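Undergrad: Handing you a structure now.
The values are calculated or read from the model by the stated rules, or taken from the named source; none is laboratory data. Note that this is a predicted model, so its numbers are computed, not measured. Every residue, glycine among them, receives a Cβ derived from its backbone with ideal geometry; neighbour counts consider all protein chains shown.
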């Protein structure tokens, strides 16, 4: 049976209902006053006639709303469906007796089911209300006696009764309430029926700050039919729903793909925060789609999820714009953005959690708190506009792709802000701007594209294009940087001695642990005539190719200076003259030892950590590092090492090793560690395990007894040579 409509299936309601009631009202009034009409003055007669007329109008108005229900007769019900349109008996309030078929609802007013009660004389009403309808079903010969009912969305929760028996529900209507938002139409089996009363108990939550007053109850006409017919109708509606959102699904899939790729790229390039915020921003449409579908998620949790998603989406857009517009080099702005982000998340979360406090929070208090929190949240919507204005006023040199993102971000933010702000307090302002903006749609392959969706799609494409260009630029810079590191690494490998010479009378161990690919530490052992040697340990400020070039300059100068002198103080003075003014905003520390086979050691230092003998620090005169002040002189100290004495040299990376709790390795640990006379590799590994924070170089010399051969050990991370 095809779907039927009211005129074909229902007895007609009289055009002038209960006219007899009106005449009875008139006759009653006239009979009450007729005996006195002869004696009364004309003014009294006119007054009584006016009162009579008002009573008649009152009876007429009452009769128009309180109409005796006429059963809806459905003939030849077979495999099709029939709409339960026409008038339904309606009453606000709540009484369990209203579910019973024998209850007299003739005094109830009548509403239709295709429009919420808020648009039919109950503006902004919230709480309980009941719908009732008497139905007579005449089955077609041979038809399935079982009948099913399809209920479209009912705002907010409901219970369904057939002849006083509860046959279904959506949500929980008694405290603590369970409400589901935006649910798909639900079907219920009524069994084999002939005639009876269909009653629907409805509960409507308090209105939020952006809810209009025309809400509540039925938002679509229920449909009755065979189980097969109802199932077919549900299938058709689901198909239309899916078809109307195919563009949204496709766009969301692209967003998710972009999010995954951006996140993977960020895992590889952790310093590129733009990729991280792009991953977060492009993941939000998926979260929004899940929230919109909202199947069987209580409205309390759904509201919290939705509010959180909105705040994360807006915040990720802020930081995405900050990095795209190159505003991230402003510490004050970044600090303000972080504080604003936390505040927005906090307020949004509280606003989204209000449903958990109802009904402990009265409807009035609920709406008041919601309004205050909404006022606190709304300013966030202008942040993208302010960021673009800031970028424009500072005259950043941005390419066209980034300006396209900025322009579309402003347009998208402005549209969202206007729609949201215009939608606040609709019950009092009655503004129609939000409806007009949301009502603007373009049909594309069966999908309706709203204005907000169109601007978001354009913004997404612009962001992907801009980030793509950014990724290409970053890759080009990364390639250049890697080439620079490769050059510096090759230079460093040339400067680091692969084979250390033996020192007569000493066991030598050395270890080098760079913190970055290219460090600033250096050491050299330069043999001299007669078995003596110069031992040099130093550290250049900075890293990378610049540090490597400075190390190259120092090593070259060392070899030149040793042709004229072997005195450590004189060599340091010569290095200082060559480096002064040539290390831009930098310096170098250096320690030089002249070691003789007999155990006499002459030491000079240029701002370098003092050596240790058996764990005790050697007192050295304080001197400035190399390259700061020209003309510096460097005093020397003479030491004598006995057999078994352990002399340790190191760079400050050993002292500055930092543990997980932020504690430094420090002088105390260094002294305690070297008191055990470890080799260089053990010391370097201990510092790395503690928490390496800078390059570490360690070199130890142990005085050997006469007749014991000199040894040399060198530990360095594997480098391609």
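Undergrad: Got at least one residue in region 684-707 being modelled with pLDDT of 90 or more, in a loop (DSSP other than H, G, I, E, B) and in contact with a strand residue (DSSP E or B) (Cβ under 8 Å, 6 or more places away or on another chain)?
TA: Looking through region 684-707, at least one residue is modelled with pLDDT of 90 or more, in a loop (DSSP other than H, G, I, E, B) and in contact with a strand residue (DSSP E or B) (Cβ under 8 Å, 6 or more places away or on another chain).
Undergrad: A follow-up question, please. Filter region 126-147 down to the residues that are buried (at least 18 other Cβ atoms within 10 Å of the Cβ) and over 25 Å from residue 96 (Cβ atoms) and list them by number.
TA: Listed by number, the residues that qualify are 137, 139.
Undergrad: Filter region 376-392 down to the residues that are within 17 Å of residue 311 (Cβ to Cβ) and out of contact with any helix residue (DSSP H, G or I) (no Cβ under 7 Å at 6 or more places or on another chain) and list them by number.
TA: 379
Undergrad: Sticking with this one: Answer with yes or no whether residue 82 is farther than 14 Å from residue 200 by Cβ, touching a residue at least 40 places away in the same chain (Cβ under 8 Å) and over 39 Å from the mean Cα position of the chain (by Cα).
TA: yes
Undergrad: Here is a further query. When you check residue 629 against the structure, is it in the same structural domain as residue 612 (by TED's automatic domain parsing), exposed (fewer than 14 other Cβ atoms within 10 Å of the Cβ) and closer than 24 Å to residue 588 by Cβ, yes or no?
TA: So residue 629 fits the description; yes.
Undergrad: Of all helices (runs of 4 or more DSSP H) completely enclosed by region 220-338, which ones contain at least 1 residues that are within 25 Å of residue 188 (Cβ to Cβ) and outside the structural domain of residue 138 (by TED's automatic domain parsing)? So that I can check it myself, show each step before the final result.
TA: Details: elements: 227-244, 246-268, 273-293, 299-324.
Per the criteria, 227-244, 273-293, 299-324.
Undergrad: Assess whether residue 174 counts as being under 18 Å from residue 297 (Cα atoms) and not assigned by TED's automatic domain parsing to the domain that holds residue 356. Write out each step before concluding.
TA: Details: under 18 Å from residue 297 (Cα atoms): yes; not assigned by TED's automatic domain parsing to the domain that holds residue 356: yes.
Spelling it out, residue 174 is indeed under 18 Å from residue 297 (Cα atoms) and not assigned by TED's automatic domain parsing to the domain that holds residue 356.
Undergrad: Of all residues being in contact with a strand residue (DSSP E or B) (Cβ under 6 Å, 6 or more places away or on another chain) and under 23 Å from residue 531 (Cα atoms) in region 567-589, which is surrounded by the most Cβ atoms within 10 Å (Cβ to Cβ)? Just the residue, please.
TA: Here the answer is 572.
Undergrad: Does any residue of region 642-653 turn out to be at pLDDT 90 or above, assigned by TED's automatic domain parsing to the domain that holds residue 509 and over 26 Å from residue 569 (Cβ atoms)?
TA: Yes, some residue in region 642-653 is at pLDDT 90 or above, assigned by TED's automatic domain parsing to the domain that holds residue 509 and over 26 Å from residue 569 (Cβ atoms).
Undergrad: Out of all the residues in region 632-652, is one or more in contact with a helix residue (DSSP H, G or I) (Cβ under 8 Å, 6 or more places away or on another chain), crowded, with 16+ Cβ neighbours inside 10 Å and more than 30 Å from residue 505 (Cβ to Cβ)?
TA: yes
Undergrad: Restricting attention to region 659-689, which residues are surrounded by 15 or more Cβ atoms within 10 Å (Cβ to Cβ), over 22 Å from residue 506 (Cα atoms) and touching a helix residue (DSSP H, G or I) at 6+ places or on another chain (Cβ under 7 Å)?
TA: Matches in region 659-689: 665, 686.
Undergrad: Another one. Among the candidates 346, 321, 336, which residue alone is crowded, with 20+ Cβ neighbours inside 10 Å and either at pLDDT 85 or above or at negative phi (or both)?
TA: 321
Undergrad: Given (1) at pLDDT below 75; (2) in a helix (DSSP H, G or I); (3) more than 30 Å from residue 125 (Cβ to Cβ), where does residue 367 come up short, assuming only one miss?
TA: Going through the list (1) at pLDDT below 75; (2) in a helix (DSSP H, G or I); (3) more than 30 Å from residue 125 (Cβ to Cβ), residue 367 breaks only (3).
Undergrad: With the structure loaded, tell me whether residue 123 is in a strand (DSSP E or B), surrounded by fewer than 21 Cβ atoms within 10 Å (Cβ to Cβ) and under 38 Å from the mean Cα position of the chain (by Cα) or whether it fails that test.
TA: No: the conditions fail for residue 123.
Undergrad: Could you identify the single residue in 205, 198, 150 that is touching a residue at least 60 places away in the same chain (Cβ under 8 Å) and in contact with a helix residue (DSSP H, G or I) (Cβ under 7 Å, 6 or more places away or on another chain)? Before you say what the answer is, go through the steps one by one.
TA: Values: 205 fails: in contact with a helix residue (DSSP H, G or I) (Cβ under 7 Å, 6 or more places away or on another chain); 198 fails: in contact with a helix residue (DSSP H, G or I) (Cβ under 7 Å, 6 or more places away or on another chain).
Only one candidate qualifies: 150.
Undergrad: Can you go through 416, 428 and tell me which one is at pLDDT 70 or above, over 21 Å from residue 316 (Cα atoms) and part of a helix (DSSP H, G or I)?
TA: Of 416, 428, the one residue that is at pLDDT 70 or above, over 21 Å from residue 316 (Cα atoms) and part of a helix (DSSP H, G or I) is 428.
Undergrad: Tell me, yes or no, whether region 163-171 has at least one residue that is within 43 Å of the chain's Cα centre (by Cα), buried (at least 22 other Cβ atoms within 10 Å of the Cβ) and either outside the structural domain of residue 291 (by TED's automatic domain parsing) or at pLDDT 85 or above (or both).
TA: Looking through region 163-171, none of the residues is within 43 Å of the chain's Cα centre (by Cα), buried (at least 22 other Cβ atoms within 10 Å of the Cβ) and either outside the structural domain of residue 291 (by TED's automatic domain parsing) or at pLDDT 85 or above (or both).
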